[in-house]
Amino acid sequence: MTMLSTTRLPLRRHGGPDDLFALHDGRPVTVRTYLAAVRDLARRLPDGAYLLNLCGDRLGFAVGLGAALLRRQICLHPPNDTPATLRQLEESYPGLICLTDAGATYPGMTCVEALPPDGLDSLTGSPFDADLAFPADQVAAIAFTSGSTGRPMPQVKSWGTLVRSVHGAGTALEIATLGAAGLVGTVPHQHMYGLESVILLALQHGLVLHGGRPLFPADIAASLAGLPGRRILVTTPVHLQALLADGTALPPLDFILCATAPLAPQLAVDAEAKLGAPLHEIYGCSETGQLAVRRPSATAEWLCIDGIRLRQDEQGTWASGDFLDGETLLADVIELKSDTRFILHGRSADQVNIAGKRSSLAFLNHHLNSVEGVMDGVVFMPREGDSGTTRLAALVVAPGLTAETLLARLRERIDPIFLPRPLRFVDALPRNPTGKLPREALLRMLDDSRPD
């Protein structure tokens, strides 16, 4: 068996130099142009150990990833670009270089634009260099947990870990049957899901990357319409629900991929019926990357991607595999059917025990959001009061409902002891770009919405 340290894995797996690599601002970008842009940026980057890749442009981000690997610089993928986050990164990673879109600047930081200052046309006619490949044990990125349960924590990823994870997921999802399909994603690529299932899925499976990140239904439809051939949509339950509620007609789809939060089976069924394509889910976390897949309209069971195995002990469920560094304890309540098949019952931190009765926040949120008239809502555990009494809270977007009506409908669905009090109506929930709800943001909104 080849030792990990001597294994080299390619940056991309498309066809010849003139094959389509991406669509950028509606214009085709070939494999030749992409690799030329990678080498151009590698020449322009100053020395430094870390590259803070803040590109919103998908193509610029992918160019930055390749250039950083070529320079043996480590890409940092923060959960956001707020001033507080950037200050923390500067303190933790001195001398970092900030990679940006054209015209974007971050005061006090060394900034470099990812794409050529003279435009991609300046790379026309560039020689086609030998394919780029990098050692499997080369550190490629440091991702950060989403912060939904606390302070974001760094997760170091080698090139081999990323590539093997994406290959395993692609095989389980049978991505090869889609050929050189075009891929549109609604999720940020600094997040592990977007990095793996948008950028790396395209790079490692020869897909055509759409350079934008559309959010609104009309923009998603326009982005998909611009793709030649078959089409893949990578999205989240929140974005998918908004897309279906809007009713905007989409071009024919061939595949839908969803992650970041549990997907209600009925939403999956509705999406497949309305969008005319199979919908699959990815299960994973920042600590491990992608672990399992399922088609929720067909089964509640998850199937581990090739090489991943699960086991349980008194601490919980542990994941191990060919591309994982040892074993990782998963933060979810899992019912094992075998060492490769399981049913997911929600995060361990979601389990609540009130007066001896147990439930899960995922279960309660499912019923809250199933009430007619609720556009969005979340049940969560607030800060413990002075009395120490355990009560749940809820923030709800439901313009046509009163608290009395909503609580009465919830009482028909859940044990009254789990009814949320306080229940506050808000205009919108503080969702981050992946649709998640950071706990600190919920607590701030709960405090801000307190009656005078």
Exercise for the section: Say whether the condition of being aromatic (F, W, Y) and either in contact with a strand residue (DSSP E or B) (Cβ under 6 Å, 6 or more places away or on another chain) or within 23 Å of P237 (Cα to Cα) (or both) is met by at least one residue in segment 323-333. Expected result: no
Problem - Breaking point among (1) surrounded by 15 or more Cβ atoms within 10 Å (Cβ to Cβ); (2) at pLDDT 85 or above; (3) not in a helix (DSSP H, G or I), for D427 - result: (1)
Problem - E314 vs. criteria out of contact with any strand residue (DSSP E or B) (no Cβ under 8 Å at 6 or more places or on another chain) and not small (G, A, S) - result: yes
Handout entry: Output for segment 110-131, where each listed residue is in a loop (DSSP other than H, G, I, E, B) and modelled with pLDDT under 90
Key = P117, D118, G119, T124, G125, S126, P127, F128, D129, A130, D131
Handout entry: Leading residue by the ranking (nearest to S197 (Cα to Cα)) among those in segment 398-452 that are β-branched (V, I, T) and touching a strand residue (DSSP E or B) at 6+ places or on another chain (Cβ under 6 Å)
Key = V426
Completion exercise
Being in a helix (DSSP H, G or I), open to solvent by 30 Å² or more (accessible area, probe 1.4 Å) and not hydroxyl-bearing (S, T, Y) narrows A176, A202, A221, A180 down to just A176
Practice task
Evaluate segment 169-179: report whether one residue or more is closer than 22 Å to C285 by Cα and without any contact (Cβ under 8 Å) to a residue 24 or more places away in the chain.
Solution key: yes
Practice task
Within segment 29-51, identify whether any single residue is open to solvent by less than 10 Å² (accessible area, probe 1.4 Å), closer than 25 Å to R164 by Cβ, part of a strand (DSSP E or B) and not hydrophobic (A, V, I, L, M, F, W, C), and answer yes or no.
Solution key: no
Exercise for the section: Please name all residue pairs, on different chains or six or more residues apart, with Cβ atoms under 6 Å, provided the first residue is in segment 18-36 and is under 16 Å from D129 (Cα atoms) and the second residue is part of a loop (DSSP other than H, G, I, E, B) and open to solvent by 50 Å² or more (accessible area, probe 1.4 Å). Expected result: T30/D18; V31/D19; R32/F128
Exercise for the section: Considering only segment 267-344, give the strands (runs of 3 or more DSSP E) lying wholly within it that have at least 2 residues that are on the phi > 0 side of the Ramachandran plot, in contact with a Pro (Cβ under 6 Å, 6 or more places away or on another chain) and surrounded by fewer than 22 Cβ atoms within 10 Å (Cβ to Cβ). Expected result: none
Exercise for the section: Please list, ordered by first then second residue, the pairs with beta carbon atoms under 8 Å, 6 or more apart or interchain, first in segment 289-300 and charged (D, E, K, R), second assigned to a loop (DSSP other than H, G, I, E, B) and surrounded by 23 or more Cβ atoms within 10 Å (Cβ to Cβ). Expected result: none
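The values are calculated or read from the model by the stated rules, or taken from the named source; none is laboratory data. On a predicted model such as this, the values are computed, not experimentally measured, just so you know. Don't worry about glycine lacking a Cβ; one is built from the backbone with ideal geometry, like all the others, and counts go over all protein chains shown. The protein model used for the area step is the full one, side chains on, heavy atoms only, and it has no ligands, DNA or RNA in it. Shrake-Rupley method; radii C 1.70, N 1.55, O 1.52, S 1.80 Å.
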